[in-house]
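Read through the structure below, which is laid out as structure tokens, and then see the notes.
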Amino acid sequence: MLELTLPNVHALAVMIVIAGALFMFARDDIPLETTSLVVLVLLTVGFQLFPYGTGEDALKPSEFFLGFGNRALIAVCALMIVGQGMIRTGALEPVGRLLAQLWRKIPVLSLLLTLLITAVLSAFINNTPIVVLMLPILIGVSIKTGISSSGALIPMGFASILGGMATTIGTSTNLLVVNVAADLGMNRFNMFDFMMPVLIAGSVAVLYLWLIAPRLIPERQPPMSRGVSRVYTAQIRLNEDSPVVGKSLAEAITRAGESFNVETIQRGPGVFINPLPDVQLREGDRLTTSDTQANLREFARLLGGTLFSGDHEVDASHPLTAEGQQIAEVAITPASRLNGTRIGNAQLFSRYGLRLLAFNRFEGMEGPESPGLDQVRLRSGDVLLIQSTQANLVNLKESTDFLVLDGSINLPRTRKAPIALLTIIAVVALAAFRVMPIEISAVLGSLFLILTGCLNWKEAMSALSTQVILIIVASLAMGSALLQTGGADYLANAFVAITFGAPPSAVLAGLMLMMAVLTNVVSNNAAAVIGTPIAIGIAQRLGLPLEPFVLAVLFGANLSFVTPMAYQTNILIMNAGGYKFGDFVRVGLPLSIVLWVVLSGVLIWAYGL
């Protein structure tokens with residue numbers, strides 16, 4: 001049995017930092033960006049104050065920042081921009097339109113086609129925009145046909161993760177594993193080198209998602225009721241006997257209640273006054289405000305005023321109206337600038353023209369009257385029931401901040417869609433035929449989209465995710481620190497010692513299982529980067545080929561099916577479809593087990609372990 005020697009102090013400290021980081025990654029109340037920055041600071045400052053090595057062999061703390069220039073990160077960012085070009089130009093619009101038509105005619109076969117198309121697209125395009133494309137299509141078809149979307153959304157989301165496993169560019173996890181392994185001396189995987197194992201396992205998985213998974217999911221209702229009261233805009237004219245005439249606006253708000261929000265004060269024809277707290281109110285002033293019918297009438301009663309809609313007093317002949325206003329459900333996207341912003345500071349009306357009617361998060365927090373709602377920080381996947389104009393909703397469809405869920409708005413379509421489609425094909429082809437590495441072809445594609453007007457710089461930058469960038473850099477820093485201090489060797493020896501006497505096939509299957517468990521609890525990128533040098537160390541100690549063990553890490557880190565927190569698209573689907581936590585476990589756990597068994601078996605057979 002292999003004897004384990006204790007790691008040095010620096011390696012032990014790095015392992016403690018990694019353990020702490022993985023714990024923080026698993027917590028919903030700590031932003032992933034914060035955890036990533038904490039890790040970078042701890043590693044750089046720690047090794048600066050307590051150097052490791054001497055002279056030229058000393059570890060340079062500034063090397064941990066090299067992740068910002070890592071070719072895997074460059075490729076991930078460039079591919080995000082290229083994917084954004086596909087969405088903004090409507091290059092995938094024909095696919096969405098075809099699926100919408102088929103779902104109305106042959107739902108059962110349409111689910112299979114949806115799974116296959118989603119998987120194929122996700123092998124070459126980041127799966128987040130693919131899910132963003134598919135969600136409103138499936139929900140819209142559900143609304144129009146009366147067919148529940150419960151049995152389709154989770155399988156579609158899982159198919160996108162499955163497709164992302166098939167190529168080196170399918171997910172950021174794949175890119176990281178391939179590049180880290182290459183940096184450690186292993187022959188670089190080409191784009192389609194591990195597609196065959198995924199095709200074999202994926203065939204079984206797609207059949208499961210098509211025929212079995214929909215039967216395991218209970219029918220779920222949309223997260224918010226359509227019966228929420230509509231918001232109306234009206235004016236309250238202060239009468240002669242109004243108790244707030246001669247008093248400040250602040251006193252009027254105190255009397256009416258904190259929910260009373262004055263948008264403008266009209267004092268005579270064409271004369272408007274800024275609604276400052278110290279403005280003295282006069283008889284005949286008209287206070288413009290927006291709220292439900294019941295609240296507007298109560299405000300008018302408390303302020304001693306008369307309710308007006310336009311030039312008419314509100315009565316049976318002239319009721320309150322909200323012409324041109326529509327109610328829609330929108331979700332906060334993973335790339336939204338509102339992630340981490342308090343609802344009270346989001347300026348939904350002034351920036352986007354949206355009135356918030358209700359709010360839903362899968363933990364059960366909902367309703368505009370929820371205590372302290374203004375202090376709630378928005379997160380990816382949060383669903384908002386909003387009211388706005390048709391024009392605003394059309395603009396919202398083109399925004400990267402929101403995803404319109406009701407399917408009532410047409411898919412974006414521009415004349416530049418063919419350019420974007422040809423660009424992504426060229427990017428993939430240049431890398432697949434080894435004309436240039438993917439990080440170079442993807443950057444070239446990004447530049448081409450900007451020069452041809454498919455994207456402007458604002459749209460290109462909105463495609464980038466601070467969260468993804470910082471997680472990748474922090475993960476690379478942790479992996480580098482673990483490797484250079486000998487921590488990776490220690491963990492590899494520990495794994496070999498624990499599995500001493502087990503056949504290589506069991507060691508490989510155990511490694512993949514460990515990664516699968518880890519990726520459903522913490523960041524899959526962090527799990528992959530930390531696991532790759534350990535996998536190489538295990539293979540070297542056993543005198544076995546490196547490739548199957550690296551692929552075990554890659555595949556295991558992609559088995560993000562069991563929990564909604566395991567992957568960002570899972571959260572989006574959970575909230576949009578009104579699913580429960582247990583729905584993901586019910587469908588995702590059997591799928592993960594099936595894929596683990598099949599992928600392990602294929603690797604064992606292919607490499608003769």
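A short reminder: the numbers here are calculations on the coordinates, not readings from a lab. Because the structure is predicted, anything quoted here is derived from the model rather than measured. Using ideal geometry, Cβ is built from the backbone for each residue, glycine included, and neighbour counts are taken over all protein chains shown.
Remark: the range 167-279 carries a charge dipole of roughly 360 debye about the Cα centre, counting +1 on each Lys and Arg Cβ and -1 on each Asp and Glu Cβ. Computed over the range 479-520, the alpha-carbon pair-distance distribution with 10 angstrom bins reads 27, 45, 28, 0, each value a whole percent.
Considering only V587, A497, N524, and ranking their Cα positions along the charge dipole of the chain that arises from unit charges at the beta-carbon of Lys, Arg, Asp and Glu, the one farthest toward the positive end is V587. With a Förster radius of 22 Å applied to the C-beta separation of D193 and Q540, the computed FRET efficiency comes to 0.60. At an R0 of 35 angstrom, the distance between the Cβ atoms of Q347 and V271 translates into a FRET efficiency of 0.85. Does the range 475-609 come out rounded, prolate or oblate, given a ≥ b ≥ c as the square roots of the eigenvalues of its C-alpha gyration tensor, rounded meaning a/c under 1.5 and, failing that, prolate meaning a/b above b/c? Note, shape of the range 475-609 comes out oblate.
Mind ordering 86-96, 280-290 by average Cβ neighbours within 10 Å, highest first?
Taking the mean over residues of other Cβ atoms within 10 Å, the ranking is 86-96, 280-290.
Helix-only arithmetic for the chain: the sum of -39500 (n - 2.57) across DSSP H runs with n ≥ 4, divided by the residue total, places the mean residue ellipticity at 222 nm at -17500 deg cm²/dmol.
For R342, the residues 5 or more places off, or on other chains, whose built amide H falls under 5 Å of its own are L378. By how many degrees, 0 to 90 and rounded to 10, does the Cα axis of helix 438-451 deviate from the longest principal axis of the chain? Helix 438-451 sits at roughly 30 degrees to that axis.
Each 10 Å bin from 0 upward holds the following percent of the Cα-Cα pairs of the range 157-207: 26, 50, 21, 3.
Counting neighbouring beta carbons within 10 Å and listing from fewest to most, the residues I117, I538, I571, I419 come out as I419, I117, I571, I538. Rounded to the nearest 10 degrees, the angle from helix 195-207 to the longest Cα principal axis of the chain is 50 degrees.
Work out the length of the dipole vector of the chain about its Cα centre, built from +1 on the beta-carbon of each Lys and Arg and -1 on the beta-carbon of each Asp and Glu, and round it to the nearest 20 debye.
Numbers: 37 positive and 39 negative charges, 261 e Å.
That gives the chain a dipole magnitude of about 1260 debye.
So if we plug the beta-carbon distance of T452 and S399 into 1/(1 + (r/R0)^6) with R0 = 22 Å, what FRET efficiency do we get, rounded to 0.05? Using R0 = 22 Å, I get an efficiency of 0.55. Annotation: amide H-H contacts under 5 Å for T389 (H modelled 1.01 Å from N, sequence separation of 5 or more, or interchain): Q326.
If a paramagnetic tag sat 7 Å from the Cα of V41 along the Cα-Cβ line, which residues of the range 508-529 would have the backbone N under 17 Å from that point? The answer is none, because no backbone nitrogen lies closer than 17 Å to the label point. Based on C-alpha pairs under 8 angstrom that are at least 6 apart in sequence, the range 232-313 has a relative contact order of 48 percent.
Based on Cα contacts under 8 Å between residues 6+ apart, the chain shows a relative contact order of 22 percent. Expressed in units of 2.2 N^0.38 Å, where N is the residue count, the Cα radius of gyration of the range 1-136 is 1.63.
Between the Cα long axis of helix 293-303 and the first principal axis of the chain there is an angle of about 50°, rounded to the nearest 10. What the phi angles of the range 485-498 give under the Karplus curve with 6.51, -1.76 and 1.60, with θ = phi - 60°, is a coupling list of 8, x, x, 5, 4, 4, 5, 5, 4, 5, 5, 5, 5, 5 Hz, glycine and proline written as x.
Using a cutoff of 8 angstrom between alpha carbon atoms and counting only pairs six or more residues apart, the relative contact order for the range 94-182 works out to 34 percent.
May I ask you to order 539-551, 335-347, 508-520 by the average number of other C-beta atoms within 10 Å around their residues, highest value first?
So the order, starting with the most tightly packed, is 508-520, 539-551, 335-347.
The ratio of the alpha-carbon radius of gyration of the range 232-313 to the globular-protein estimate 2.2 N^0.38 Å is 0.94.
In angstrom, the C-alpha Rg and Dmax of the chain are 27.8, 95.
Using the empirical formula 2.2 N^0.38 Å as the baseline, the Cα radius of gyration of the range 57-195 reaches a ratio of 1.29.
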